[in-house]
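The numbers here are math on the coordinates, done by the rules we state, and not lab data. Bear in mind the structure is a predicted one, so any value in this text is a computation, not a measurement. In this analysis, Cβ positions are derived from the backbone assuming ideal geometry, glycine residues included, and neighbour counts consider all displayed protein chains.
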Amino acid sequence: MKHGDGGKWYLNAKNYSNEIAEAYDLREFLMEQYKNFEQIPIRKVNGFNAAGLGYTLKMPIIGRVVKALAEKMLHSEKPPTNPFKPEGHMGQVVPLDDAIAILENCAAEPIIEKHCMCRYMHRGIKEACCINFGVMSEIIEKLPRFIPAKEKFLLTREEAVERFTEHNKKGYIGTIWYGPFPYINNLCSCQTPECAGIRPRLDFGIKSIYKAEYVIEINQDLCQGCTACVSKCQFGALKYNAVLKRVLVDQDKCYGCGICMHACKHNALRLVSRDQHRSLKGEY
């Protein structure tokens, strides 16, 4: 199908294929990009870098220009040309079931798990929680700083599903990425504010990532008001109402990651298609 199973771009197996990687010569492209990965926050692109970005974006005219340039670059569907620019690097939040479908049916082998560089650059923490596949997994062996020192990094499909599930239950948000368009090679598990994909959207309003195809609904008959789910939500979408003694969801804020469902012992939460809600349809 043109857009993947159920209309989801990340369930189109063609986007994971070696044919695409070869067509755009992505082995050398990605190698060059990841050799210099740590320079991303300070490298100037179109005359701007991330240093002082918050202040720049608050400037009335310049802020709008920078935001528009950033989104145009990230959303680009042109063939990649410059490994020093994050062109065509767009992602979307994915809940557990869709991530499992990706790993079981779409991701090209070999599959590996490497250090999350976002967490390392923000907190100095080395944790293997990013899953790569296809060409991206092949180049990692040439970049030792990404390889977990003590953990097995080459995974079977079953092991990859097990690892992603483990991270998801810990509260790490699943995201899938073009890198670069149209090649998909990255299934991440991260948190805010460490995630360099989610943070620009939450902090600066830059559409650096799309919300999931789903939103959370709460069955008020089952909700006990324990607030366990509230503490899990990293987007401020769940709030406890002291009058009703129940948790309420602000679906405009919900990213559909499904992390909150792991905390609910009463099965009061479920993910439903974003398209079921007229006001949310097409709002990513």
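Taking every C-alpha pair closer than 8 Å and separated by at least 6 residues, the mean separation divided by the residue count of the chain gives a relative contact order of 18 percent. Along the positive direction of the dipole of the range 12-85 (beta-carbon charges: Lys, Arg +1; Asp, Glu -1; about the Cα centre), which of VAL65, PHE37, PRO80 reaches farthest? The residue sitting most towards the positive pole is VAL65.
Of the candidates PRO200, PRO144, PRO110, which one comes out as most mobile in a Gaussian network treatment of the chain with C-alpha springs shorter than 10 Å? In the Gaussian network model the winner is PRO144. Here's the list of aspartates and glutamates a cross-link from LYS207 could span, going by alpha-carbon distance under 19 Å and ignoring same-chain residues fewer than 8 apart: GLU71, GLU77, GLU87, GLU194, ASP252, GLU283. Evaluated with a Cβ-only charge set (Lys, Arg +1; Asp, Glu -1), the range 5-210 carries a dipole of roughly 1080 debye about its Cα centre, given to the nearest 20.
For the chain, the longest stretch holding no GluC sites (Glu not before Pro) located in a DSSP loop with at most 15 other Cβ atoms within 10 Å is which?
With GluC sites (Glu not before Pro) excluded where exposed in loops, the chain gives 152-282 as its longest stretch.
Coordinate range of the alpha-carbon atoms in the range 46-109 per principal axis, descending: 46, 27, 18 Å. Debye sum, Cα scatterers, the chain, no solvent: what log₁₀ I/I(0) at q = 0.13, 0.16 1/Å? Log-scaled intensity ratios, in q order: -0.92, -1.36. What you get for the range 6-96, charging only the Cβ of Lys and Arg (+1) and of Asp and Glu (-1), is a dipole of about 480 debye around the Cα centre. Think of the chain as a dipole: +1 on every Lys or Arg Cβ, -1 on every Asp or Glu Cβ, centred on the Cα centre; then among GLY256, ALA242, LEU96, ALA242 lies furthest on the positive end. With a ≥ b ≥ c the root eigenvalues of the C-alpha gyration tensor of the range 83-213, is it rounded (a/c under 1.5), prolate (a/b larger than b/c) or oblate? Rounded, because the longest to shortest axis ratio a/c is under 1.5.
Considering only ILE147, ILE176, ILE62, the Gaussian network model of the chain with Cα springs below 10 Å gives its largest mean-square fluctuation to ILE62.
Selection among SER17, SER189, ALA108 by position relative to the dipole of the range 5-210 gives SER189 as farthest towards the positive end (Cβ unit charges, Cα centre). Hydrophobic long helices, here whole DSSP H runs in the chain with Kyte-Doolittle means of at least -0.5 and Cα atoms spread over 15 Å or more along the helix axis, are found at 62-74.
Given the rule -39500 (n - 2.57) for each run of at least 4 DSSP H residues, summed and divided by the residues of the chain, what is its mean residue ellipticity at 222 nm, to the nearest 500 deg cm²/dmol?
So the helix-based figure for the chain works out to -7000 deg cm²/dmol.
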